[in-house]
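The structure appears below as C-alpha cells.
Derivation of every value follows stated rules applied to the coordinates shown; laboratory data play no part. All values reported here derive from a predicted model rather than from experimental measurement.
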Amino acid sequence: MANQWPVQVAAFNLFLVVISNVLSSTVCAIICYPVIVRVGVTLGHPKLVGMTCCILTSGAMGLPVSSFPNAIQTPQPAPL
C-alpha cells in the first residue's frame, strides 16, 4: 500500500490530458499546476509529477481549441 504513488501520478496525468484537450494548454497550466505541484509534494515526488504534467499539457492538443491562437479564432465566423 505504501507504493501507490505511480498510480496517483498516472491518474493526475490522465486528468491533465483530458482537461488540456478541452481548454487551451496555457489556461490548463495556470489552473492545474499549483494543485498538481502541491499533490506532488505530498506524494514525495514533486519533480516527477511536475515534469510529466508539463510534457502532457503541451502535448495534449487533440482538439482545435487546445492551442491558444485557435481558441481565439474558433468562435469567429469566416468573412464572406
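Residues in segment 16-32 carry Karplus couplings, in order, of 5, 5, 5, 5, 6, 7, 8, 9, 6, 5, 5, 5, 4, 5, 5, 7, 8 Hz; the curve used is 6.51 cos²θ - 1.76 cosθ + 1.60 with θ = phi - 60°, and Gly or Pro positions show x. When the inverse distances between all different Cα atoms of segment 9-63 are averaged and flipped, the Kirkwood radius reads 10.8 angstrom.
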